[in-house]
Amino acid sequence: MTTDNSAPVSGSIMVVGGGISGLTTALEAAEVGYEVFLVEKEASLGGRVSQLKHYFPKLCPPTCGLEINYRRIKDNKHIKVLTMTEVQNVDGSPGDYTVTVKTAPRYVNENCTACGECAKVCETEISNEFNFGMDRRKAAYLPHNMAFPMRYVMDPSMSTDDRDKVKQACKYDAVDFDMEEKTIDLKVGAIVWNTGWKPYDATRIDNLGFGRYQNVVTNMMLERLASLTGPTQGKIVRPSDDKAPETIAFAQCAGSRDENHLPYCSYICCMASLKHATYLREQYPDAKIYIYYIDLRTPGLKYERFYAKLKEDKNIFFVKGKVAEVSEEDGTGNINLVAEDTISGDKIRQTVDLLVLATGMQPTAAVDKPAADLTFDADGFIVNDFSKGGMFAAGCANKPADVVTSNQNATGMALKAIQTLVRR
């Protein structure tokens with residue numbers, strides 16, 4: 001390498017989104033010497049991975065991947081983390097962008113030690129969106145057990161009485177209800193959009209009963225039920241009565257590969273359901289599990305072997321057929337479903353204790369489009385224009401992907417961002 005090809009003395013990169021791919025992009029760029037602004041709209045980094053019980057390929061808990069990345073961020077002076085912050089506007093061209101960002105007030109300053117005394121005295125409760133509304137939490141809350149930064153948040157809906165109580169309870173003068181929204185401009189040479197994905201809104205799939213029947217849940221809700229930090233401390237039970245399910249059905253491609261919803265394959269749903277079958281099997285060895293699918297897609301040798309092992313389980317049944325109709329059995333909360341077995345041609349009618357919808361992956365940018373000069377495909381994924389340069393999409397902002405693929409992609413986009421600065 002020559003001096004001409006080395007990194008310039010100045011030049012910053014903005015990474016929008018602090019999920020697993022955003023962390024990877026930021027660290028890869030910062031660890032070779034670039035200043036990085038890591039912008040995350042939630043109160044904590046971690047993204048979807050922080051909501052999982054285990055993730056592929058090693059089926060390790062989120063702490064396995066997030067903890068080491070958080071340590072690397074703490075140790076790297078080049079990374080500036082901005083949580084509760086959203087991009088409002090992007091002006092300029094590759095190598096010279098002005099990005100306007102808006103930061104919402106946390107009402108808690110850096111004195112916070114996450115001792116939890118504020119939550120103990122707070123009586124106001126709000127829906128726990130981290131658990132997809134399956135339980136409630138205090139209006140003084142820690143975003144989740146692996147929150148980074150490890151600081152509490154005060155929800156603005158907190159009552160006046162509770163505001164006084166939490167201020168008095170805090171020994172470190174960390175609670176500040178006078179905090180205001182802030183808007184600032186940042187100068188950067190390149191931007192990598194790691195805005196991730198949202199679970200597709202299952203209430204829009206009318207025939208599958210989500211939102212009408214309590215015992216129809218989504219795959220991400222099951223993930224939280226299985227997690228030790230979830231609403232049931234890891235016990236998978238029916239929402240209607242906390243009963244241990246004896247029969248569970250999975251409806252694959254719930255909203256995916258459907259021109260009325262998401263026309264593409266969401267890549268992760270089949271493997272997620274196979275993983276969920278192992279969660280259920282660990283807790284309920286005698287439970288009957290039925291997986292209704294169009295095609296089972298297990299990309300790669302490791303995933304194929306995972307599938308082959310599950311097929312040996314005599315209590316897991318794979319039915320090639322799409323669930324067409326769902327209703328609730330009177331008085332029991334059980335779910336009646338109708339599907340067609342495409343191999344035999346028979347119409348199947350089955351009653352189960354719990355139905356899990358393998359809802360698809362929708363890019364966040366399809367719902368909340370960034371205010372920047374980006375190209376999107378018909379489904380809302382950001383299309384990378386390498387000839388233009390300057391702004392790039394990584395991870396699930398660019399295409400449906402698992403954690404491994406997202407991280408590989410994020411590393412590549414960090415390099416593209418660096419090349420933008422070197423060539424400007």
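Could you tell me which residue of the stretch 281-306 is nearest to ALA324 (Cα to Cα), considering only residues that are part of a strand (DSSP E or B) and open to solvent by 30 Å² or more (accessible area, probe 1.4 Å)?
Per the criteria, the residue is TYR293.
Looking for whichever is touching a Gly at 6+ places or on another chain (Cβ under 8 Å) and either of a type in the set (Gly, Ala, Ser) or farther than 24 Å from GLY395 by Cα (or both) here; the options are ARG238, ARG281, ARG224, ARG305. Which one fits?
Result of the check over ARG238, ARG281, ARG224, ARG305: ARG238.
Please state which one of LYS309, LYS314, LYS369 is within 22 Å of MET271 (Cα to Cα), assigned to a loop (DSSP other than H, G, I, E, B) and open to solvent by 50 Å² or more (accessible area, probe 1.4 Å).
Going through LYS309, LYS314, LYS369 in turn, just one is within 22 Å of MET271 (Cα to Cα), assigned to a loop (DSSP other than H, G, I, E, B) and open to solvent by 50 Å² or more (accessible area, probe 1.4 Å): LYS314.
Any chance the stretch 217-240 includes a residue that's touching a helix residue (DSSP H, G or I) at 6+ places or on another chain (Cβ under 9 Å), outside any helix (DSSP H, G or I) and charged (D, E, K, R)?
yes
Is it true that some residue in the stretch 62-77 is touching a residue at least 40 places away in the same chain (Cβ under 8 Å) and basic (Lys, Arg)?
Taking every residue of the stretch 62-77 in turn, at least one turns out to be touching a residue at least 40 places away in the same chain (Cβ under 8 Å) and basic (Lys, Arg).
Based on this model, can you work out whether SER44 counts as open to solvent by less than 60 Å² (accessible area, probe 1.4 Å), out of contact with any Asp or Glu (no Cβ under 7 Å at 6 or more places or on another chain), in contact (Cβ under 8 Å) with a residue 24 or more places away in the chain and closer than 30 Å to THR420 by Cα?
Yes: the conditions hold for SER44.
Would you check if there is a residue in the stretch 130-139 being touching a residue at least 60 places away in the same chain (Cβ under 8 Å) and in a helix (DSSP H, G or I)?
Scanning the stretch 130-139 turns up at least one residue that is touching a residue at least 60 places away in the same chain (Cβ under 8 Å) and in a helix (DSSP H, G or I).
Can you give me the number of residues within the stretch 208-244 that are surrounded by fewer than 17 Cβ atoms within 10 Å (Cβ to Cβ) and touching a Phe, Trp or Tyr at 6+ places or on another chain (Cβ under 8 Å)?
1
Give all pairs with beta carbons closer than 8 Å in which a residue from the stretch 248-266 that is within 13 Å of MET361 (Cβ to Cβ) and open to solvent by 20 Å² or more (accessible area, probe 1.4 Å) meets a residue that is among the hydrophobic types (A, V, I, L, M, F, W, C) and in a strand (DSSP E or B); count only pairs at least 6 apart in sequence or on separate chains.
CYS265/CYS253
May I ask you to list the residues in the stretch 317-329 that are of a type outside the set (Val, Ile, Thr) and either under 19 Å from ASP402 (Cα atoms) or open to solvent by less than 40 Å² (accessible area, probe 1.4 Å) (or both)?
GLY321
Could you run through the stretch 372-408 and say how many residues are among the acidic types (Asp, Glu), surrounded by 18 or more Cβ atoms within 10 Å (Cβ to Cβ) and free of Cβ contacts under 8 Å to residues at least 24 places away in the same chain?
0
Scan GLY18, GLY95 and give me the residue that is surrounded by 21 or more Cβ atoms within 10 Å (Cβ to Cβ) and in contact with a helix residue (DSSP H, G or I) (Cβ under 7 Å, 6 or more places away or on another chain).
GLY18
Step by step: first the residues of the stretch 110-127, then only those that are part of a loop (DSSP other than H, G, I, E, B) and among the acidic types (Asp, Glu), then the one that is farthest from the chain's Cα centre (by Cα). Which residue is that?
The qualifying residue farthest from the chain's Cα centre (by Cα) is GLU123.
Quick test for you: out of THR2, THR113, pick the one residue that is among the hydroxyl-bearing types (Ser, Thr, Tyr), at pLDDT 95 or above, over 22 Å from LYS388 (Cβ atoms) and open to solvent by 60 Å² or more (accessible area, probe 1.4 Å).
Just a single option satisfies the conditions, and that option is THR113.
To keep it simple, each residue is scored yes or no on (1) surrounded by fewer than 16 Cβ atoms within 10 Å (Cβ to Cβ); (2) of a type in the set (Val, Ile, Thr); (3) within 21 Å of GLY19 (Cβ to Cβ).
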| site | (1), (2), (3) |
| --- | --- |
| ALA140 | no, no, no |
| MET150 | yes, no, yes |
| ASP155 | no, no, no |
| LYS171 | yes, no, no |
| ILE184 | yes, yes, no |
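Can you work out which of the residues in the stretch 409-424 that are more than 30 Å from LYS275 (Cα to Cα) and of a type outside the set (A, V, I, L, M) is surrounded by the most Cβ atoms within 10 Å (Cβ to Cβ)?
Within the stretch 409-424, the match that is surrounded by the most Cβ atoms within 10 Å (Cβ to Cβ) is THR420.
Can you find a residue in the stretch 288-304 that is of a type in the set (Gly, Ala, Ser) and at pLDDT 95 or above?
For the stretch 288-304, residues of a type in the set (Gly, Ala, Ser) and at pLDDT 95 or above: absent.
Can you name the residue in the stretch 193-207 that is in a loop (DSSP other than H, G, I, E, B) and among the polar types (S, T, N, Q) and, of all such residues, is least open to solvent (accessible area, probe 1.4 Å)?
Here the residue is ASN194.
The values are calculated or read from the model by the stated rules, or taken from the named source; none is laboratory data. Not measured: the values here are computed from a predicted model. Reconstructed Cβ throughout: ideal geometry from the backbone, glycine too, with neighbour counts over all protein chains shown. Quick note on the areas: whole protein, heavy atoms, side chains included, nothing else; ligands and nucleic acids left out. Shrake-Rupley method; radii C 1.70, N 1.55, O 1.52, S 1.80 Å.
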